[in-house]
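J.: Dropping a structure here in structure tokens format, bear with me for questions.
The values are calculated or read from the model by the stated rules, or taken from the named source; none is laboratory data. Everything numeric in this text was worked out from a predicted model, so none of it was measured. Note: ideal-geometry Cβ built from the backbone for every residue, glycine included; neighbour counts use all protein chains shown.
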Amino acid sequence: MGKRIRQRRKGTGTNRYRSLSFKFSEKIQMRDYNEKEKEGVANGKVIDIVDTRAHHAPLVKISFEDNAEITLPATYRIKIGDTVESGGKATASLGNILPLKNIQEGTFISGIETYPGSGPKLCRSSGSFARLVTKTPDGIVIELPSKKQKTLSEECRALIGVVAGSGRKEKPFVKAGTHHHARRVRGNVYPRVSGVAMNAVNHPFGSGRGRHAGKPRTPPRFAPPGRNVGAIRARRTGRRK
């Protein structure tokens, strides 16, 4: 008797594929989107820089004058003791939080909201940033790291600057065990084995046929979850003429 293949096991969330979120110590968030954020400015101070297993980038903890504390991705060159401003009247300096309508075109931004008050959703990973392209009557156009342009509300807030930790990928893992633990913390599995290398009970492409699927790699259009592997809904099949 076979067992559920990887695609189904990841969907049900078994222990092997479940992220250890109960060990995540910090949650990224901005200040509440109230009238002071819209029309005024709140002054804060960086009290700590933390490294968590849930995020690639270092995080900064900011304490404001009204006793509010938030955690955000650390921008490049920010340090403990720096002052941070948040609000509509904040200055467009490194590490400050402003609405997109008050940010100059061409500025590098990160930790961007997708709608006013949503909190940082875009460009939160280490070394990532977006660029404010232009301002239109329909909203603010930003260019993401993928070069795709996205239009957002002018009231959405963002951090000024590039997220720190851009050289993370330059350091090699060296050992397979280090890579295993890095993937495990986010619910991924290492190493990742191809389907044709598995047994027949583990994958539709597996069996003793060697490195050959033995069947079309394009599954039926309405295949069940365990069979829905390969070139899903391919635009074309067969050899090119």
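J.: Being of a type in the set (D, E, K, R) and touching a helix residue (DSSP H, G or I) at 6+ places or on another chain (Cβ under 6 Å) is the requirement here; does residue 154 meet it?
T.: Working: of a type in the set (D, E, K, R): yes; touching a helix residue (DSSP H, G or I) at 6+ places or on another chain (Cβ under 6 Å): yes.
So residue 154 passes the test.
J.: I need every pair where a residue in region 172-186 that is under 22 Å from residue 54 (Cβ atoms) has its Cβ under 6 Å from the Cβ of a residue that is of a type in the set (A, V, I, L, M, F, W, C) and at pLDDT 85 or above, sequence separation at least 6 or different chains.
T.: 179/173
J.: Among 49, 109, 62, which is more than 22 Å from residue 155 (Cβ to Cβ) and among the hydrophobic types (A, V, I, L, M, F, W, C)?
T.: Checking each option against the conditions leaves just 49.
J.: Something else about it: Just to verify a result, which residue in region 159-171, among those that are more than 15 Å from the chain's Cα centre (by Cα) and in a strand (DSSP E or B), is surrounded by the most Cβ atoms within 10 Å (Cβ to Cβ)?
T.: Only one residue tops the list, namely 159.
J.: Find all pairs meeting these conditions: Cβ atoms under 6 angstrom apart; at least six residues apart or on different chains; first residue within region 42-63 and part of a loop (DSSP other than H, G, I, E, B); second residue of a type in the set (Asp, Glu).
T.: Once the first residue is part of a loop (DSSP other than H, G, I, E, B) and sits in region 42-63, its partners that are of a type in the set (Asp, Glu) give 52/26; 58/51.
J.: Shifting gears a bit: Scanning region 189-220 for residues that are aliphatic (A, V, I, L, M) and within 31 Å of the chain's Cα centre (by Cα), which turns out farthest from residue 237 (Cα to Cα)?
T.: First, the residues of region 189-220 that are aliphatic (A, V, I, L, M): 189, 193, 196-198, 200-201, 213.
Then drop every residue that is not within 31 Å of the chain's Cα centre (by Cα), which leaves 189, 193, 196-198.
Values: 189: 30, 193: 25, 196: 19, 197: 23, 198: 24 Å.
So, considering only residues that are aliphatic (A, V, I, L, M) and within 31 Å of the chain's Cα centre (by Cα), the one farthest from residue 237 (Cα to Cα) is 189.
J.: Restrict the check to region 195-215 and report whether at least one residue is within 29 Å of residue 21 (Cβ to Cβ) and part of a strand (DSSP E or B).
T.: Within region 195-215, the subset within 29 Å of residue 21 (Cβ to Cβ) is 195, 198, 202-203.
Imposing the further condition that a residue be part of a strand (DSSP E or B) reduces the set to none.
No, there is no match, as no residue in region 195-215 is within 29 Å of residue 21 (Cβ to Cβ) and part of a strand (DSSP E or B).
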